[in-house]
Amino acid sequence: QLQLVESGGGLVQPGGSLRLSCAASGFTLDYYAIGWFRQAPGKEREGVSCINSIDGSTYYADSVKGRFTISRDNAKNTVYLQMNSLKPEDTAVYYCAAVASFLITTVQAMCVMPPDLYSHAMDSWGKGTLVTVSS
């Protein structure tokens, strides 16, 4: 019943931009934190940016600070990730995930969670959208 669907991925040149969307259904964003995670081939999944929909607090991984912006539209039940100044190392499958807000102490906790805890903590994952940054 709790579903997330990512969209907006594609091929972009270094320095370009993409806007990813995470549409939620079966639940309202009002009571959830939503995070964007990415996984490159052969690498562990890592947190990129997370937002708590209750108060709008956000967190960004150091690797994307100043380049990515996470936002939400509660009326549309959608979270966005605006990705600017893209680099080849941003190439990955991007996933969004949801956690009930009361289960985390801070939005940072969601994004820095070790991958081996994902299955225990996350209420829902999308299937991912591929972002390829290449010239």
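The table below gives the values:
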| item | result |
| --- | --- |
| Distance (nanometres) between label positions extended 7 Å along Cα→Cβ at Arg19 and Lys65 | 2.6 nm |
| Mean ellipticity per residue at 222 nm, deg cm²/dmol - from DSSP H runs of n ≥ 4 across the chain, formula -39500 (n - 2.57) | -1000 deg cm²/dmol |
| Residue order for Tyr60, Tyr118 - accessible surface, 1.4 angstrom probe, largest first | Tyr60, Tyr118 |
| Computed magnitude of the charge dipole of the chain (debye, nearest 20; Cβ of K, R +1, Cβ of D, E -1) | 300 debye |
| Rg to Rh quotient for the stretch 32-71, alpha carbon positions, Kirkwood Rh | 1.01 |
| Where Rh is the Kirkwood radius over Cα pairs, Rg/Rh for the chain | 0.94 |
| Kirkwood Rh, angstrom, the stretch 70-115 [1 / mean 1/r, Cα pairs] | 13.0 Å |
| Solvent-accessible area per residue, Å², over the chain with all protein chains present [probe radius 1.4 Å] | 50 Å² |
| Charge sum, other residues only, whose C-beta stays under 14 Å from Glu44's C-beta, Lys/Arg counted +1 and Asp/Glu -1 | +1 |
| Accessible surface of the chain, 1.4 Å probe, proportion on carbon and sulfur as whole % | 50 percent |
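The values are calculated or read from the model by the stated rules, or taken from the named source; none is laboratory data. Here the structure is a predicted model, which means the values were calculated and not measured. All Cβ positions, even for glycine, are placed from backbone atoms using ideal geometry, and neighbour counts span all protein chains on display. The protein model used for the area step is the full one, side chains on, heavy atoms only, and it has no ligands, DNA or RNA in it. Shrake-Rupley method; radii C 1.70, N 1.55, O 1.52, S 1.80 Å.
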